[in-house]
1. With respect to the numbered conditions (1) surrounded by fewer than 15 Cβ atoms within 10 Å (Cβ to Cβ); (2) closer than 20 Å to PHE114 by Cβ, which one is the sole condition not fulfilled by ASN41?
2. Find all pairs meeting these conditions: Cβ atoms under 6 angstrom apart; at least six residues apart or on different chains; first residue within segment 18-46 and farther than 17 Å from PHE99 by Cα; second residue assigned to a loop (DSSP other than H, G, I, E, B) and of a type in the set (A, V, I, L, M, F, W, C).
3. Being modelled with pLDDT of 95 or more, part of a strand (DSSP E or B), of a type in the set (Lys, Arg) and touching a strand residue (DSSP E or B) at 6+ places or on another chain (Cβ under 9 Å), is that true of even one residue in segment 10-29?
4. For segment 41-55, does any single residue satisfy the condition of being assigned to a loop (DSSP other than H, G, I, E, B) and hydrophobic (A, V, I, L, M, F, W, C)?
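The values are calculated or read from the model by the stated rules, or taken from the named source; none is laboratory data. On a predicted model such as this, the values are computed, not experimentally measured, just so you know. Cβ sites come from the backbone with ideal geometry, for glycine too, and all protein chains shown count toward neighbours.
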Amino acid sequence: MENTDNLDRMTTLSQVMSKLAERGIHREFRMNEHCEMKFENSEKNYHPDELTILKTYRFEGDSNPDDNAVLYVLKDTSGNIGMIIDSYGADSNYPGEEFDKFLRDIPVQESEEFNF
C-alpha cells in the first residue's frame, strides 16, 4: 500500500534546497581532504558532538542509481544551520570511511520545522 502522507512533500533536491534558501540556509558543512569538517567560509573544525542532524532528506533517481543523494540539515553548538549534501551508494562525494563514521557519530534530533 502506498504511503499518501508524503504525496504533497517536496520530492527533488532542488526543491528542498530552494525552500531552505528561503529560510536563509544555504551554507554547507564539508569535509576537506584532511578529514576535517568545516562550515562554509569558516576555519572552525567540527567534531560530531558539536553538530546535530535536524532533518535528513533522501532522493532516489527513477532510472539511474547515480541520481541517489541525501541532504542533511545540521545545527552547530553556536546555532549556525547548514547542510551536507552527498550522493549515496557506491559514488559518495566523500571517499573513505571517515565521512561515514563522522556522520554516524552526529546526534540526531529530528525537527518538525523542516517537514516540507
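1. (2)
2. Every condition considered, the pairs that remain are LYS19/PHE116.
3. Looking through segment 10-29, none of the residues is modelled with pLDDT of 95 or more, part of a strand (DSSP E or B), of a type in the set (Lys, Arg) and touching a strand residue (DSSP E or B) at 6+ places or on another chain (Cβ under 9 Å).
4. Checking segment 41-55: not a single residue is assigned to a loop (DSSP other than H, G, I, E, B) and hydrophobic (A, V, I, L, M, F, W, C).
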